[in-house]
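The values are calculated or read from the model by the stated rules, or taken from the named source; none is laboratory data. No experiment lies behind these values; they were computed from the predicted model shown. Reconstructed Cβ throughout: ideal geometry from the backbone, glycine too, with neighbour counts over all protein chains shown. The area values use the complete protein model at the heavy-atom level, side chains included, leaving out ligands, DNA and RNA. Shrake-Rupley method; radii C 1.70, N 1.55, O 1.52, S 1.80 Å.
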Amino acid sequence: MKRILVIGAGLIGSRHVQAVRQHPRCRLAGVVDADPARGDGTAPFFQDLFDVDVEVDGAIIATPTGLHHPQGAHCAARGWHMLIEKPVATTVEQAHELAQVAARANVRCLVGHHRRYHPAVRQLREVITSGAIGDPVNSTLIWSMRKPDDYFNTLWRQSEGSPVMINLVHDIDLLRFVLGEITDICGFGADHQRDGARVESGAVALRFESGACGTISFADTTPSPWGFEAATAENPNIASSGQDMWWITGTKGAVSFPSLTLWTGARDWSQAPQPAQLPVQSAVPLEAQLDHFVDVIGGGAEPVINLKDASRTLEATCRIEALLATDIKTRKGAHMPEFAKS
């Protein structure tokens with residue numbers, strides 16, 4: 001029975017707390033959160049990580065990204081194995097430092113890109129790697145949701161709550177997981193709906209090592225049915241649509257996700273591809289991730305995504321964020337009067 005400490009009891013942290021409570025091989029050692037209202041009296045509660053005085057085997061860090069590095073270093077110093085929510089850190093440099101700290105402390109770390117545990121994602125990867133659609137050529141992905149206004153009541157989300165770092169980081173990790181490493185990035189960003197100090201929508205073009213190209217269209221200001229959470233119903237806080245949101249085409253066919261509709265049989269445009277519905281398995285990714293974390297703590301499994309791997313996802317995500325933020329600033333500057341620029 002592994003003793004798990006959950007650090008941060010917000011939207012995702014509360015889901016981790018529930019998963020730990022329900023897991024047959026876990027016991028909730030305690031919860032850490034600055035807000036005392038988030039303690040329910042059924043487990044030890046601490047407002048400061050330094051106050052934790054219970055035995056811990058593994059810690060789940062589910063706090064804002066800026067806290068991951070210092071809290072991860074604290075956990076490593078205390079010998080606690082870690083599951084760190086995405087993004088693993090604010091910067092790639094911090095992620096590398098954390099990897100070094102964990103290695104010196106002989107602490108095992110798993111990063112919370114939990115979508116890699118989704119059965120349909122694993123099936124999609126098998127479709128691509130098996131050559132069922134030939135060589136991948138294009139990928140088109142949409143993440144288009146409208147976050148409720150009160151989501152931005154938290155001050156850090158008003159300036160740092162870009163959907164690139166919070167949401168697209170998941171999709172970027174999936175693109176790497178399924179299609180390989182990203183080599184080139186370009187795109188445009190916008191912030192004209194909520195007019196906050198952050199990227200809120202945009203379009204991104206990518207090239208992969210294989211030569212395949214892809215696009216991401218995203219926004220957190222648009223109530224649409226297209227997005228991973230809505231498509232898969234994996235997040236209880238987001239309404240389900242069941243609509244596909246990712247399409248990959250290859251030299252022999254195409255596949256859409258998450259329906260796993262496989263289109264093959266056409267030689268060229270004179271023939272119509274025929275659809276086949278691949279079987280879709282079901283599982284709760286967050287629970288599957290916790291099950292794996294328990295194995296990682298015990299030394300019986302290597303992390304599905306470790307700090308080094310997660311750093312590559314973070315690097316690509318940071319490149320996109322910086323590119324789009326610069327695009328917004330450049331366009332705003334171009335529209336300013338000459339006297340204001342000086």
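The table for this structure:
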| quantity | calculated |
| --- | --- |
| Count - residues of the range 133-150 that are free of Cβ contacts under 8 Å to residues at least 12 places away in the same chain and either of a type in the set (D, E, K, R) or surrounded by 14 or more Cβ atoms within 10 Å (Cβ to Cβ) (or both) | 2 |
| Selected residue (criterion: farthest from Gln100 (Cα to Cα)) from residues of the range 274-313 that are surrounded by fewer than 17 Cβ atoms within 10 Å (Cβ to Cβ) and among the small types (Gly, Ala, Ser) | Ala276 |
| Failed condition for Asp53, given (1) within 25 Å of the chain's Cα centre (by Cα); (2) modelled with pLDDT of 95 or more | (1) |
| Test result for Val137, aliphatic (A, V, I, L, M) and touching a helix residue (DSSP H, G or I) at 6+ places or on another chain (Cβ under 9 Å) | no |
| Looking only at the range 167-205, and only at residues there that are in a strand (DSSP E or B) and without any contact (Cβ under 8 Å) to a residue 60 or more places away in the chain, the one that is least open to solvent (accessible area, probe 1.4 Å) | Ser201 |
| Leu174 vs. criteria of a type in the set (A, V, I, L, M) and over 26 Å from Glu287 (Cα atoms) | no |
| Set Thr261, Thr251: member being farther than 30 Å from Leu83 by Cβ and open to solvent by 30 Å² or more (accessible area, probe 1.4 Å) | Thr251 |
| Per-region count, the range 214-242, residues among the small types (Gly, Ala, Ser), open to solvent by less than 50 Å² (accessible area, probe 1.4 Å) and in contact with a Gly (Cβ under 9 Å, 6 or more places away or on another chain) | 4 |
